[in-house]
Amino acid sequence: MLFRDRTEAGQILADKLASYAHRPDVLVLALPRGGVPVGYEVAQALHVPLDVFLVRKLGLPGQEELAMGAIASGNTRVLNEEVVHKLDIPEEVIDAVAAEEQQELSRRERDYRAGRPPPDVRGRTIILVDDGLATGSTMRAAVAALRQQEPARIVVAVPVGAPETCVELGYEADEVVCVETPEPFYAVGAWYENFSQTTDEEVRDLLTRAAEEQAVVH
């Protein structure tokens, strides 16, 4: 099944999450940037608030594609203990990379939220949304970081995902909703007619619109 774009994908995904509609404890957190248009549609359909959950990979200096861990919204840090121990990475190297990535993460949070405070997730049911799952490394980091903030339940929700990734995430999240799990998978973008890059401006607009609509509801 091909999704026309992220908007349509979000609407179809929302149908699979109907049991979470109109619940005061539910919050949709989208992974920017591509997850935000999908998450916006989900939040609209379920009549629940939308926010972003930012994750930045901590790449090993000189081998940036190798992740030592990740940092996320809410000042949480998750380390890949296996990589850290195997390569004997000193604490100060991790701290230096984390500080640099924290600056970028903070910049994006300010930019996207336009002064709105980050949501309190403790005790809530969180639906983590992205536009798709390939390896799932970012989503895995997001789930691990979010766990540290003590939500009641974490639901990972995507329109399309690699079958094995959706299964693996089931061990880490409380529930995983993958609308389509095509085999062979290829790439997330292969399942969208229009997979153009989501801009920072679009992210800001959608979050502002969602916040305004929630304000009207309350």
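Suppose the filter is assigned to a helix (DSSP H, G or I) and either out of contact with any Cys (no Cβ under 6 Å at 6 or more places or on another chain) or within 25 Å of T76 (Cα to Cα) (or both); does A173 pass it? So A173 fails the test. The set of residues from the stretch 110-121 being among the acidic types (D, E) and either free of Cβ contacts under 8 Å to residues at least 12 places away in the same chain or buried (at least 18 other Cβ atoms within 10 Å of the Cβ) (or both) comprises just one member, D120.
Taking the stretch 125-147 as the range and being buried (at least 21 other Cβ atoms within 10 Å of the Cβ) and assigned to a loop (DSSP other than H, G, I, E, B) as the test, the residues that pass are D130, D131, G132, G136.
All conditions in (1) surrounded by 19 or more Cβ atoms within 10 Å (Cβ to Cβ); (2) part of a helix (DSSP H, G or I); (3) of a type outside the set (S, T, Y) hold for A96, with the sole exception of (1).
Among the listed residues I71, I89, which satisfies the condition of being in contact with a helix residue (DSSP H, G or I) (Cβ under 8 Å, 6 or more places away or on another chain) and more than 23 Å from G132 (Cβ to Cβ)? Spell out how you get there, then give the answer.
Numbers: I71 fails: more than 23 Å from G132 (Cβ to Cβ).
So the residue among I71, I89 that is in contact with a helix residue (DSSP H, G or I) (Cβ under 8 Å, 6 or more places away or on another chain) and more than 23 Å from G132 (Cβ to Cβ) is I89.
If I ask for residues that are of a type in the set (G, A, S) and free of Cβ contacts under 8 Å to residues at least 60 places away in the same chain, which ones from the stretch 1-39 would you list?
As a first pass, look at the stretch 1-39 and keep what is of a type in the set (G, A, S): 9-10, 14, 18-19, 21, 30, 34-35, 39.
Selection gives A14, A18, S19, A21.
Search the stretch 170-189 for residues that are outside the structural domain of V158 (by TED's automatic domain parsing) and pair each with any residue that is part of a loop (DSSP other than H, G, I, E, B) and surrounded by 18 or more Cβ atoms within 10 Å (Cβ to Cβ) when their beta-carbon atoms are under 7 Å apart and the residues are at least 6 apart or on different chains. As it stands, the answer is none, since no pair meets every condition given. The residue of the stretch 148-169 that is nearest to V55 (Cα to Cα), among those that are touching a residue at least 60 places away in the same chain (Cβ under 8 Å) and exposed (fewer than 15 other Cβ atoms within 10 Å of the Cβ), is Q148.
Applying the set (1) in contact with a strand residue (DSSP E or B) (Cβ under 7 Å, 6 or more places away or on another chain); (2) over 18 Å from R140 (Cβ atoms); (3) part of a helix (DSSP H, G or I) to R108 leaves exactly one unmet item: (1).
Being touching a Pro at 6+ places or on another chain (Cβ under 7 Å) and either among the aliphatic types (A, V, I, L, M) or more than 15 Å from L31 (Cβ to Cβ) (or both) is the requirement here; does E150 meet it?
Numbers: touching a Pro at 6+ places or on another chain (Cβ under 7 Å): no; either among the aliphatic types (A, V, I, L, M) or more than 15 Å from L31 (Cβ to Cβ) (or both): yes.
It is false that E150 is touching a Pro at 6+ places or on another chain (Cβ under 7 Å) and either among the aliphatic types (A, V, I, L, M) or more than 15 Å from L31 (Cβ to Cβ) (or both).
Across the stretch 13-32, what is the number of residues that are on the phi < 0 side of the Ramachandran plot and surrounded by fewer than 18 Cβ atoms within 10 Å (Cβ to Cβ)? Final tally of qualifying residues: 8. Per the listing A72, A67, the residue uniquely outside the structural domain of V179 (by TED's automatic domain parsing), within 18 Å of V156 (Cα to Cα) and at pLDDT below 95 is A72.
The values are calculated or read from the model by the stated rules, or taken from the named source; none is laboratory data. What you are looking at is a predicted structure, and each value in this text was computed from that prediction instead of being measured. Cβ atoms come from the backbone with ideal geometry, glycine included; neighbour counts cover every protein chain shown.
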